[in-house]
Amino acid sequence: MSKKIAITGKGGSGKTMLTTVMTKLLANKKDIKLLAIDADSAVNLPYALGIETKRTVAEIRQQIIEDPEARAEIKDKNIRIVMEESLETGNGFHLLVMGRPEGPGCYCSVNDLLRYGIENLSQQFDITLIDCEAGPEQVNRRVVKGIDVLLIVTEPTTRGARVADSILGVIQRDESIRPAEMGLVINRFKGDDKLIMESADKWRLDIFGRIPEDQNITDYDASGRPIFDLPDIAPSVVAVAETLTKLGLY
Ligand SMILES: Nc1ncnc2c1ncn2[C@@H]1O[C@H](COP(=O)(O)OP(=O)(O)OP(=O)(O)O)[C@@H](O)[C@H]1O
Ligand SMILES: [Mg+2]
């Protein structure tokens, strides 16, 4: 098995939370080789997972550009090995962090490296979870092309539905990024999802989960504890376990 799952959605919708809790639950399964990728240049996933990052994809790129020695070393080794060496090791999973490109200039080459990393490294793992940047950009730039499952995290609001619509619009227009499975995960669910269900019906989408507002997460956030350490009985963790079951992964 080698399954790539991208987690997308509006800013602040809960992408990093969902990626973290999925990582936590799947990391417990000893028979699964798991890779988590922070594709968001804002770099939040390592903190949520409680991991220190030593080397990001953006830093590798910067070294290639600036440092002749590093460039020679990378030439010798080939970029795949450099990527492998930049993987962080967590408890039951590995982590690749894209990071922030330094200085002015465009994000394209970091996105290219990231796409390369996703395509190559994911082959060595059973499951790859990709915490994407907010909005449809990375879907648009095909950073997440060739993925198996696309999850769109959305809050049950009009604005949430609109961003979900814009991501789906991009996919609708581009055959090459159409994943085998695609669905919504409703976060901060309070019992009413009429607005979101209208979008889901329009796009014939599955609902892969409904995650309630969870005071445990709020408390962990407030005290700076990684969400990865949430107890298994936390309502959000229970809800994400159901999502994994729906995806046939748990
Ligand atoms: N179900 C929930 N209950 C309580 N707090 C939550 C819940 N989901 C997410 N949060 C909190 O809301 C904030 C935003 O969530 P998160 O960082 O996961 O969103 P995001 O989509 O990754 O945001 P960004 O677009 O900035 O990367 C975080 O502080 C997170 O811990
Ligand atoms: Mg995030």
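Springs join every pair of Cα atoms under 10 Å in this Gaussian network model of the chain, and among Gly224, Gly99, Gly209 the largest mean-square fluctuation is at Gly224. In order along the stretch 193-209, the phi-based Karplus estimate (6.51 cos²θ - 1.76 cosθ + 1.60, θ = phi - 60°) of 3J(HN,Hα) comes to 10, 4, 4, 5, 4, 4, 5, 4, 5, 4, 9, 6, 9, 7, 9, 8, x Hz; Gly and Pro are listed as x.
Taking neighbour counts of Cβ atoms within 10 Å as a proxy for exposure, in what order, fewest first, do Ser86, Ser236 appear?
By the 10 Å Cβ count, ascending, the order reads Ser86, Ser236.
Between the helical axis of 158-173 and the longest alpha-carbon principal axis of the chain there is an angle of about 60 degrees.
Backbone amide hydrogens, once placed in the peptide plane, bring Lys3 within less than 5 Å of Ile127, Thr128, excluding anything fewer than 5 places away on its chain. Remark: the stretch 16-21, residue by residue, has Karplus-estimated 3J(HN,Hα) of 5, 4, 5, 4, 5, 6 Hz, where x stands for each Gly or Pro and the curve is 6.51 cos²θ - 1.76 cosθ + 1.60 at θ = phi - 60°. Note on the chain: GNM, Cα springs under 10 Å; of Asp38, Asp229, Asp201, the largest mean-square fluctuation is that of Asp201. Computed about its Cα centre, the charge dipole of the stretch 166-244 is approximately 260 debye, with only Lys, Arg, Asp and Glu carrying charge at their Cβ. Distance from the alpha carbon centroid of the stretch 63-98 to that of the stretch 110-141 works out to 16 angstrom. Of the GluC sites (Glu not before Pro) in the stretch 7-112, the ones in a loop by DSSP (not H, G, I, E or B) with at most 10 other beta carbons within 10 Å are Glu52. Residue order for Arg80, Arg188, Arg173, fewest other beta carbons within 10 angstrom first, comes to Arg173, Arg80, Arg188.
Each residue in Lys202, Lys194 was given a count of other beta-carbon atoms within 10 angstrom of its own, and listing them fewest first yields Lys194, Lys202. When the Gaussian network model of the chain links Cα atoms closer than 10 Å, the mean-square fluctuations of Ile233, Ile152, Ile127 top out at Ile233.
In the chain, helices alone account for a calculated mean residue ellipticity at 222 nm of -13000 deg cm²/dmol, with every DSSP H run of four or more residues adding -39,500 (n - 2.57).
A Cβ-based charge dipole, computed about the Cα centre of the stretch 3-246 with Lys and Arg at +1 and Asp and Glu at -1, lands at about 540 debye. Pairs over the 28 Å Cα-Cα cut-off, from the set Lys3/Lys30; Lys30/Lys202; Lys54/Lys190: Lys30/Lys202; Lys54/Lys190.
Considering only Ile196, Leu244, Ile118, and ranking their Cα positions along the charge dipole of the chain that arises from unit charges at the beta-carbon of Lys, Arg, Asp and Glu, the one farthest toward the positive end is Ile196.
Since every read-out is calculated from the coordinates, none of them should be taken as a lab result. It should be emphasised that the depicted structure is a prediction, and the values quoted were computed from it without experimental measurement. As a convention, Cβ positions derive from the backbone with ideal geometry for all residues, glycine included, and neighbour counts pool all protein chains shown.
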